[in-house]
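Single-structure report; data block below.
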Amino acid sequence: MVSAHHLEVKKGGYCSEHRHEYKYNLFYVISGRLKITIWRENDVEDVTILTAGQASAVSPGFYHKFEGLEATECVEVYQVLLIEPDIKRRTQGGPKK
């Protein structure tokens, strides 16, 4: 499952430090500058500053936040990580006989 959200972030606006258990989070900047902070293993900060036309992804399980360094327009995309395979086969495919 994928969902997308259009965000308008004011200069200095930010979200909480949070993580997603099963969702990938991607930010694509349309205009402005967006600071993405991800806390990696051992709480090491990984900071990326995005400008128009750039994107950054956050994998499930990592705390992160975003902040508008100026008025910013962006698209936030979520993709859910499936916990277990979602396909159960009754037959196997193969070449035509």
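The values are calculated or read from the model by the stated rules, or taken from the named source; none is laboratory data. Values in this document were obtained by computation on a predicted structure and should not be read as measured data. All Cβ positions, glycine included, derive from the backbone under ideal geometry; neighbour counts span all protein chains shown.
Name every residue in the stretch 47-81 that is of a type in the set (Phe, Trp, Tyr) and either closer than 12 Å to residue 30 by Cα or more than 10 Å from the chain's Cα centre (by Cα) (or both), in order of residue number.
Initially, the stretch 47-81 is screened for residues of a type in the set (Phe, Trp, Tyr), giving 62-63, 66, 78.
The answer is 62, 63, 66.
Kindly list the number of the only condition in (1) surrounded by 14 or more Cβ atoms within 10 Å (Cβ to Cβ); (2) over 26 Å from residue 10 (Cβ atoms); (3) among the polar types (S, T, N, Q) that fails for residue 72.
(2)
Residue 2 is checked against (1) at pLDDT 90 or above; (2) surrounded by fewer than 14 Cβ atoms within 10 Å (Cβ to Cβ); (3) among the hydrophobic types (A, V, I, L, M, F, W, C) and fails just one. What number does that condition carry?
(1) is the only condition that residue 2 fails.
Could you grab me the full set of residues in the stretch 6-32 that are under 12 Å from residue 72 (Cβ atoms), of a type in the set (Gly, Ala, Ser) and surrounded by fewer than 13 Cβ atoms within 10 Å (Cβ to Cβ)?
Matches in the stretch 6-32: 12 only.
Using beta carbons and a limit of 7 Å, which pairs, at least six apart or on different chains, have the first residue in the stretch 3-20 and within 19 Å of residue 50 (Cβ to Cβ) and the second one small (Gly, Ala, Ser) and surrounded by 13 or more Cβ atoms within 10 Å (Cβ to Cβ)?
Between residues of the stretch 3-20 that are within 19 Å of residue 50 (Cβ to Cβ) and residues that are small (Gly, Ala, Ser) and surrounded by 13 or more Cβ atoms within 10 Å (Cβ to Cβ), the close pairs are 9/68; 10/68; 10/71; 11/68; 11/71; 12/68; 13/68.
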